[in-house]
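Only one structure is covered here, and it is reproduced in the block below.
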Amino acid sequence: MTAIQAGALIGFGAVAFLDQWPVLQSMISRPIVIGPVVGAILGDPGGGVLWGAVLEAMQLAVLPVGAARYPDAALAGLLGTTAAVTGAADGVYPAAWAVAIALAAGWGGDTVGRAQRRWNGRTAERVRARVAAGHLEAPGRGIAVALIRGAAIGAAQVAVGLAIVAAGSWLLRGSPWAGPLDARGLRIAAGAMIAVGGVRAFGLGRRRAVALGLGVAMGVGLVAWGGVT
Amino acid sequence: MAERGLSHRLRKERRSVALRSTLIQAVWNYDSLQAVGFGWAILPGLERIRPDRDECAARLHEHLESFNANPYLATVAMGVTLRLEEEVARGAAGAERRLERLLRALRGSLGAIGDELFWVGWRPALGGAAAIAALASGSMWPAVVFIVAWNALAQGVRAAGVRAGFAGGAGVARVLQDPFWSRSRAAAGMVGTFAAGASLGAGAAWAAGGTSNWGGALVFLAVVALLWLGGARTGSRSRVLSPGFAFFVVVTLLGAIFHLSAGALP
């Protein structure tokens with residue numbers, strides 16, 4: 001990985017961190033979007049698309065509702081795809097290593113996100129005190145401070161993550177302990193994950209059972225007779 | 001004429017509020033939750049309603065105490081707030097108390113409806129559909145379609161929310177009872193289940209290699225069973241394993257089989 005590629009990943013990580021909850025939530029922070037972007041930056045768009053879909057499948061059933069704690073899908077997608085693409089050789093990916101990185105990044109990112117929220121609490125207190133003193137511009141300034149801090153945190157956690165990924169990939173290069181797997185194996189695992197996650201999330205009433213059956217027919221048809229390999 | 005008059009009131013400010021609502025979670029914290037973002041978003045309207053700076057600051061300070069709702073639907077509460085703030089400024093009897101009670105009730109309703117529609121409904125549905133399409137096609141177009149479809153719905157609801165809340169005012173319950181919410185949720189369920197079915201079919205066919213490869217089919221069935229039993233449930237509600245850890249176990253086992261069979265799954 002070149003310095004320019006690392007810089008691009010760090011910059012993109014800052015944007016993805018902000019999109020995840022502080023700004024807009026346009027979902028460019030989801031692994032399905034992050035994967036292709038990371039793949040393009042690292043010169044392997046196909047691998048990025050594949051790993052974006054795999055890591056999206058992994059995060060699919062995680063629902064940020066109520067007071068639920070949930071992993072940082074953006075950091076998991078970015079570092080997981082990086083570990084997979086940079087460690088790939090002859091179409092075989094270090095799959096277990098990349099998924100382990102995504103798991104650890106999801107947990108680490110959640111921890112950092114909670115620290116950011118606590119930090120925001122102090123900013124919010126200051127904003128309220130300033131508004132009580134008649135300063136109407138205080139909320140805008142508080143938001144600017146929180147966003148700059150968020151972007152810096154997002155960039156920093158990607159930089160640290162990239163160093164860990166680079167060290168681990170160097171140690172595990174070519175090792176069976178990296179859990180080598182080709183695209184077919186990854187499709188099988190991710191397909192099963194989407195199926196199980198989808199049925200768990202949406203349940204199976206009579207109409208949905210029909211939708212499931214139609215989906216199965218289409219999936220089998222596309223692969224068996226549609227030329228999708 | 002009354003409706004025309006309503007639609008023109010605070011028109012410019014309402015557009016500004018909708019735009020600013022994209023930062024409602026910028027200062028999200030465990031004490032006042034989204035309150036700073038909420039207050040900053042409604043500020044253009046408040047300044048128009050209360051030209052006096054001190055009066056405006058006093059009303060803004062009230063709104064900075066605590067607020068939380070689904071981020072896309074929070075604009076409905078912003079519209080309601082501006083409508084009732086007008087009544088408060090006119091000195092309507094009990095308007096301030098009515099606004100306070102209404103906002104408290106709206107937080108729960110907007111959170112529940114929005115979470116159900118967006119986080120439990122459309123995100124897994126569109127995400128699952130995009131993921132299986134990307135796996136099958138190897139193209140980045142499913143990701144592009146995912147982004148466009150999500151934002152057409154989510155940002156569309158966000159933009160329409162201010163006007164709906166402003167028009168509804170104290171009678172905003174009608175907006176929340178609109179069949180759009182339940183129909184949209186049901187549609188998300190159908191899309192998500194169809195994507196799950198397509199993944200099941202495609203996964204089985206990939207495992208079988210398009211032929212009568214019973215070894216591959218058995219591997220796929222074992223993977224599905226392991227994920228099902230191993231806790232591929234909804235996030236932190238899982239009592240057994242997180243979905244991510246169950247997936248890690250599956251990938252590690254497949255990697256071991258791949259390695260031991262000299263680079264080819266059955």
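Values quoted throughout were computed directly from the atomic coordinates according to the rules given, and no laboratory measurement underlies them. Worth saying up front: this structure is predicted, and the values here are computed from it rather than measured. In this analysis, Cβ positions are derived from the backbone assuming ideal geometry, glycine residues included, and neighbour counts consider all displayed protein chains.
Key figures
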| quantity | calculated |
| --- | --- |
| Modelled FRET efficiency - R0 60 Å, residue B:66 with residue B:262, Cβ distances, 0.05 increments | 0.45 |
| Rounded tilt (10° steps) of A:45-59 against the dominant C-alpha axis of chain A | 70 |
| Where a label projected 7 Å from the Cα of residue B:145 along Cα→Cβ would reach, residues of region A:204-218 with amide N under 16 Å | A:215-216, A:218 |
| Cα centre as origin, Lys/Arg/Asp/Glu Cβ charges: the protein assembly as shown dipole, Debye | 1100 |
| Selection from B:79, B:133, B:51 lying farthest towards where the dipole of region B:50-142 points positive, charges on Cβ | B:133 |
| Residues A:82, A:123, B:81, sorted so that the one with the fewest Cβ neighbours within 10 Å comes first | A:123, B:81, A:82 |
| Between 0 and 90°, nearest 10: helix B:179-208 axis offset from chain B longest Cα axis | 20 |
| Overall form of chain A per C-alpha gyration tensor (a/c, 1.5; a/b vs b/c) | oblate |
| Residue order, fewest to most beta carbons within 10 Å, for A:188, A:4 | A:4, A:188 |
| Where labels lie 7 Å past Cα in the beta-carbon direction, separation of residue A:4 and residue A:175 in nm | 3.2 |
| Whether the protein assembly as shown is rounded, prolate or oblate, judged on the alpha carbon gyration tensor where a/c under 1.5 counts as rounded | prolate |
| At most 16 other Cβ within 10 Å, DSSP loop - chymotrypsin sites (Phe, Trp or Tyr not before Pro), region A:147-229 | A:225 |
| Between region B:19-63 and region B:241-266, the alpha-carbon center distance in angstrom | 51 |
| Angle between chain B longest axis and helix B:214-229 axis [Cα atoms, degrees, rounded to 10] | 40 |
| Value of relative contact order over region B:1-141, rounded to a whole percent, pairs C-alpha under 8 Å and six or more apart | 19 |
| Magnitude of the charge dipole, region A:1-160, Cβ model with Lys/Arg +1 and Asp/Glu -1, debye to 20 | 880 |
| Computed lengthening from residue B:19 to residue B:186, 0.36 nm per intervening residue step minus Cα-Cα distance | 57.2 nm |
| Assigned charges on the beta-carbon of Lys, Arg, Asp, Glu; region B:81-161 dipole about Cα centre (debye) | 120 |
| Mean Cα-pair separation over length for chain A, i.e. relative contact order, pairs under 8 Å, 6 or more apart, % | 24 |
| Per-residue HN-Hα couplings for region B:88-94 [Karplus 6.51, -1.76, 1.60; θ = phi - 60°; Hz; x = Gly/Pro] | 4, 5, 6, x, 4, 4, x |
| Between region B:132-188 and region A:163-185, the Cα center-to-center distance that results, in Å | 39 |
| Under the Karplus curve 6.51 cos²θ - 1.76 cosθ + 1.60, θ = phi - 60°, whole-Hz ³J(HN,Hα) for region A:196-201, x wherever Gly or Pro sits | 5, x, x, 5, 4, 6 |
| Given charges at Cβ of Lys, Arg, Asp, Glu: the protein assembly as shown dipole, positive-most of B:122, A:21, B:17 | B:17 |
| Computed helical MRE - 222 nm, chain B, DSSP H runs ≥ 4 contributing -39500 (n - 2.57), nearest 500 | -24000 deg cm²/dmol |
| Footprinting exposure proxy for A:86, A:111, B:252, A:81 (fewest neighbouring C-beta atoms within 10 Å first) | A:111, B:252, A:86, A:81 |
